[in-house]
There are 4 protein chains.
Amino acid sequence: MWLRTSCDLAFDISAPIPFVLMLRPRSGVHQWIAREEYMLEPSVPVFEFTDDYGNLCQRLIAPTGAFTVRTSAEVMTADHVDQAFGAPFVEIQNLPDAVLSYLLPSRYCESDRFHQMATEITAGRQLGYDQLAAIVTWLRDTIIYRPGSSDMPMSAAEVNSRRVGVCRDLSHLGIALCRSLSIPARMVVGYLYGLQPMDLHAWFEAYLGGRWYTFDATQAQLKGGYVSVGYGRDAADVAVYNQFGPAVYPTAQTVRVERIRD
Amino acid sequence: MWLRTSCDLAFDISAPIPFVLMLRPRSGVHQWIAREEYMLEPSVPVFEFTDDYGNLCQRLIAPTGAFTVRTSAEVMTADHVDQAFGAPFVEIQNLPDAVLSYLLPSRYCESDRFHQMATEITAGRQLGYDQLAAIVTWLRDTIIYRPGSSDMPMSAAEVNSRRVGVCRDLSHLGIALCRSLSIPARMVVGYLYGLQPMDLHAWFEAYLGGRWYTFDATQAQLKGGYVSVGYGRDAADVAVYNQFGPAVYPTAQTVRVERIRD
Amino acid sequence: MWLRTSCDLAFDISAPIPFVLMLRPRSGVHQWIAREEYMLEPSVPVFEFTDDYGNLCQRLIAPTGAFTVRTSAEVMTADHVDQAFGAPFVEIQNLPDAVLSYLLPSRYCESDRFHQMATEITAGRQLGYDQLAAIVTWLRDTIIYRPGSSDMPMSAAEVNSRRVGVCRDLSHLGIALCRSLSIPARMVVGYLYGLQPMDLHAWFEAYLGGRWYTFDATQAQLKGGYVSVGYGRDAADVAVYNQFGPAVYPTAQTVRVERIRD
Amino acid sequence: MWLRTSCDLAFDISAPIPFVLMLRPRSGVHQWIAREEYMLEPSVPVFEFTDDYGNLCQRLIAPTGAFTVRTSAEVMTADHVDQAFGAPFVEIQNLPDAVLSYLLPSRYCESDRFHQMATEITAGRQLGYDQLAAIVTWLRDTIIYRPGSSDMPMSAAEVNSRRVGVCRDLSHLGIALCRSLSIPARMVVGYLYGLQPMDLHAWFEAYLGGRWYTFDATQAQLKGGYVSVGYGRDAADVAVYNQFGPAVYPTAQTVRVERIRD
């Protein structure tokens, strides 16, 4: 399906402050960016670079006063997300080198502490995709998905303790459970068509049967309409904006996803 | 200045054929891409990757029949290109690791054969930018720039022998002369505002005084308005389209660069 | 000074198990590897790759039975570690792209939670190296360095709470404090000549005044004799061995560092 | 088999001169480096980096006077080189991204000029490994392999014209023929056990059926005993030493390969 996504941010800056933004989606295996727009008001010098995960990041110094970032894209993405019950666990020795780092614990995914729990959740399941299905079902049944319930990212251990979280938090717990079973897992931030309430979204992917598969415990069932903006080990890597020094919050953040060209 | 660039290609394909395209400019130190468009007709699956030089490349299989690629961008680029007479030669031991490969000879820049000639052309010049200025002056005085004069890229040795060439060919000779003096040099393809006749353009950069500087022997003087699409060692690395198997040529190629938002 | 380092590991493997080892030091700015040895008994197929941080990693499947890894190196390393009181804080906008990821929180360095504390510890200090000096002094004064006191890595928050730790743990707290002040910091594992008791060691580096500087809160003063084996965001990235599946511990681990060629 | 390889270079330097050396073999899929030695006399600061092809390169400034480089390694390498008649040609669209650049022409492999010739040489052969077998047979039958016959690398076109060359030259022609058929091919430099006369050696690899295969037109038949030191597009990328400024040649170069641990 063709989607038009947009994310507009408005800031009120009291003193010039460095930002690293991650708001430019890339064309890849899952999506094609046919049109894209990235406007800064006022216009300031920007330097774009590619981070360790292949994300396009924009560095700039936000000037004093009103500062707005408006981004939009027209994207072709899959109508249906691939599912593959039976897709096998990949033995560590057969994983590509570049995938290995997604087995390690990270800031918000303390996978070193979840092996026992993950083993119980997936008991009796065939190794691989079916373990993931069990993890996602367990997340849906156990952790309350409540948009707006947290401002700061929660780690997997915190989410597991509080039993409630936003999309980012549920992903952290899903990722930690995967990695504790030696299944590579990574976080994705981006857009989802039809998300209620509309906002930026986060979900996760696991590496099974030789490729990455999408999982999302916040939705009752897996539908199409995902647009990826950033990949990383967890929320620490994929902040839509990282700002350094005294905290600055957007005075407005508007996210839209609409279907086009039916 | 703000520019709107576009490149449209039309093909008539007799059998499905793999392409690698390089038509998506990246935001970087020199330019900011505020709007961008990349349309394929008919729409086919595309996989985008980043090559060794940081260029965004698009892989696809062109289907049988009419196939068109339409790309455009709105770009902020410098009004004036930096010039820096006196910028020094960088000693080999002080070059960044990533720059070293731009000292090596390449397909169309046989720098191993130009040391004597480059030494003569730059005789009496201060090491660094002033050598480059001498090289560019020599190219302007010696090699006839004749758009449309060659279809296939010519190597530096061929250009030096024929004394005539297109932008790509003059760049090859400029790059070979630089490298023969142990000055890193690379090829750039993209757009130039005001180019006569309008077409895709090629120029080169040399690494001096700790950064890359732009040089263009096809223009009487260095003005602003450059938009980069690809970087590489020479034309072999930065083909706007590489197609494999039997040769396929565009039935139409339309390039436009216009000024916007004055 | 010239050092001969060695690390021998012995395992008793009950079923074939995949390992990723990180035991081959690389020559770099700080050290030169003149001789090196890496022996496996029994000999098994090994695949070596370079991870995201530039470390050389060895993948293999440890076979059932006794399995030993013997590594040694002869290394030229600095007699004195550079110190630079007054070296300035580098503004975010001036940091190299590749350094930015060392500002982010990671598994064992929850830098997002230490800003207040770091500000207090460094109160009145000039921004940059002098802040680091205050952090290291505070670590030495406040956290008890007790080799063998922990088996599993402790995060900065845990170390700060328990007030005791091994070299790895003190580094985690030092790194978290740095990053909370927007100073890039990374973990290093390797060898230290004269370490008491001798073992593998961990310390950290901070990016100041345009380069990385070494810090080690476990030693009363900073002396020479460091040999680096791996770099990363924290202990999760630089395990000397990562083994997947049921835990396997070495039955013997022998580390030696001796001076040669005086 | 286990081999002990060594390469010693002696220079007589008249003024300090920057070098980039490529003399440290890496462990990889094909070989395991168990012991390694890299000695400089006199000892000078060296900075090691990894180039675009994954080779370890050593940068240094050779001091005035006698300067020697002594390297050796103990390497486990295959007894037999894999051959795979019938291994298929890989369609361009199925090649890994990282392999695509080995389809492009390069300094010494003008593959853009060999399509007609390669088609004739491989006429009637099944696409893939069998084409390569025809190319290697043709090279053996047509181009005289004469060690010591050239000092400077010859390009494929030159070799094809002169009909004689060293190992490097034959590889250039083999690579150009492969690439002209859309088969990725790359150059390898290193050691070969039993080479007559003993020296550093060069051969090439082609990507077929999803992996790289080894080819060597200088040997009557393909035996085991290869040790790789560097990979690249052609000889321009894999010089064992690159020195900048006035040419400096070794006063002595000694290469040895002997079998150990039978």
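Report yes if D:Y213 is outside any loop (DSSP other than H, G, I, E, B), farther than 28 Å from B:S111 by Cβ and not basic (K, R), otherwise no. I'd like the intermediate steps shown before the answer.
Working: outside any loop (DSSP other than H, G, I, E, B): yes; farther than 28 Å from B:S111 by Cβ: yes; not basic (K, R): yes.
Against the criterion (outside any loop (DSSP other than H, G, I, E, B), farther than 28 Å from B:S111 by Cβ and not basic (K, R)), D:Y213 qualifies.
List the number of the failed condition for D:Q243; all other conditions in (1) within 14 Å of chain B (Cβ to nearest Cβ); (2) under 15 Å from the mean Cα position of the chain (by Cα) hold.
(2)
Could you please give the count of residues in region A:2-44 that are among the β-branched types (V, I, T) and over 26 Å from C:V90 (Cβ atoms)? Steps first, answer last, please.
Residues of region A:2-44 that are among the β-branched types (V, I, T), as a first pass: A:5, A:13, A:17, A:20, A:29, A:33, A:44.
When the remaining residues are screened for being over 26 Å from C:V90 (Cβ atoms), the result is A:5, A:29, A:33.
Total meeting the criteria: 3.
Of the conditions (1) touching a His at 6+ places or on another chain (Cβ under 8 Å); (2) more than 22 Å from B:F49 (Cβ to Cβ), A:S14 clears all except one; give me its number.
The number of the failed condition is (1).
Would you pick out the residues in region D:85-99 that are within 19 Å of the chain's Cα centre (by Cα) and either at pLDDT 95 or above or closer than 16 Å to D:G209 by Cβ (or both)?
Going residue by residue through region D:85-99, those that are within 19 Å of the chain's Cα centre (by Cα) are D:98-99.
Listed by number, the list holds a single entry, D:V99.
Residues in region C:148-164: is at least one farther than 22 Å from C:D237 by Cβ and assigned to a helix (DSSP H, G or I)?
Yes, that holds for at least one residue.
Answer yes if at least one residue in region D:178-187 is basic (K, R) and over 21 Å from B:A235 (Cα atoms), and no otherwise. It would help to see each step written out before you state the result.
As a first pass, look at region D:178-187 and keep what is basic (K, R): D:179, D:186.
Then keep just the ones that are over 21 Å from B:A235 (Cα atoms); that gives none.
No.
Would you mind listing the strands (runs of 3 or more DSSP E) fully within region C:1-81 where at least 2 residues are surrounded by 16 or more Cβ atoms within 10 Å (Cβ to Cβ), without any contact (Cβ under 8 Å) to a residue 24 or more places away in the chain and more than 8 Å from chain D (Cβ to nearest Cβ)?
Where strands (runs of 3 or more DSSP E) fall fully within region C:1-81, none carries at least 2 residues being surrounded by 16 or more Cβ atoms within 10 Å (Cβ to Cβ), without any contact (Cβ under 8 Å) to a residue 24 or more places away in the chain and more than 8 Å from chain D (Cβ to nearest Cβ).
Just give me the residues in region D:215-237 being in contact with a His (Cβ under 9 Å, 6 or more places away or on another chain) and over 25 Å from D:R261 (Cα atoms), in sequence order.
D:D216, D:T218, D:D234, D:A235
Can you tell me which residues in region C:25-42 are basic (K, R) and at pLDDT 95 or above? Walk me through how you get there before you give the answer.
If we filter region C:25-42 for residues that are basic (K, R), which is where we start, we get C:26, C:35.
Across region C:25-42, the qualifying residue is only C:R35.
Could you list, in sequence order, the residues of region C:140-161 that are buried (at least 17 other Cβ atoms within 10 Å of the Cβ), within 14 Å of chain A (Cβ to nearest Cβ) and at pLDDT 95 or above?
Hits for region C:140-161 are C:M154, C:S155, C:A156, C:E158.
So C:G245 clears everything in (1) in a strand (DSSP E or B); (2) in contact (Cβ under 8 Å) with a residue 40 or more places away in the chain; (3) within 26 Å of C:C109 (Cα to Cα); (4) of a type outside the set (A, V, I, L, M, F, W, C) except one condition, right? Which one?
Result: C:G245 passes all but (1).
Every residue in region D:104-135 that is within 11 Å of D:L173 (Cα to Cα) and acidic (D, E), please.
Within region D:104-135, D:E110 is the sole residue that qualifies.
What single numbered condition from (1) surrounded by 16 or more Cβ atoms within 10 Å (Cβ to Cβ); (2) part of a helix (DSSP H, G or I) fails to hold for D:T137?
Every condition holds for D:T137 apart from (1).
For the condition closer than 30 Å to B:I13 by Cβ and modelled with pLDDT of 95 or more, what is the one hit in B:L177, B:L170, B:L200, B:L208? Lay out the reasoning, then the answer.
Numbers: B:L177 fails: closer than 30 Å to B:I13 by Cβ; B:L170 fails: closer than 30 Å to B:I13 by Cβ; B:L208 fails: closer than 30 Å to B:I13 by Cβ.
When all the criteria are applied, what remains is B:L200.
In region B:191-211, is there at least one residue being of a type in the set (F, W, Y) and in contact with an Asp or Glu (Cβ under 6 Å, 6 or more places away or on another chain)? Spell out how you get there, then give the answer.
Here is the first cut: in region B:191-211, the ones of a type in the set (F, W, Y) are B:191, B:193, B:203-204, B:207.
Still in the running and in contact with an Asp or Glu (Cβ under 6 Å, 6 or more places away or on another chain): B:203.
Within region B:191-211 (the criterion being of a type in the set (F, W, Y) and in contact with an Asp or Glu (Cβ under 6 Å, 6 or more places away or on another chain)), the answer is yes, since at least one residue qualifies.
How many residues are in a strand (DSSP E or B) and either crowded, with 19+ Cβ neighbours inside 10 Å or within 11 Å of another protein chain (Cβ to nearest Cβ) (or both) if we restrict to region C:82-115?
To start, the set of residues in region C:82-115 that are in a strand (DSSP E or B) comprises C:88, C:106, C:109.
Next, from what is left, pick out any that are either crowded, with 19+ Cβ neighbours inside 10 Å or within 11 Å of another protein chain (Cβ to nearest Cβ) (or both): C:106, C:109.
Summing the residues that are in a strand (DSSP E or B) and either crowded, with 19+ Cβ neighbours inside 10 Å or within 11 Å of another protein chain (Cβ to nearest Cβ) (or both) in region C:82-115 gives 2.
How about region D:195-238: which of its residues are within 14 Å of chain B (Cβ to nearest Cβ) and among the β-branched types (V, I, T)?
D:V238
The values are calculated or read from the model by the stated rules, or taken from the named source; none is laboratory data. For clarity, every value in this text was computed on a predicted model and none was experimentally measured. Please note: Cβ atoms are built from the backbone with ideal geometry, for glycine as well, and neighbour counts cover all protein chains shown.
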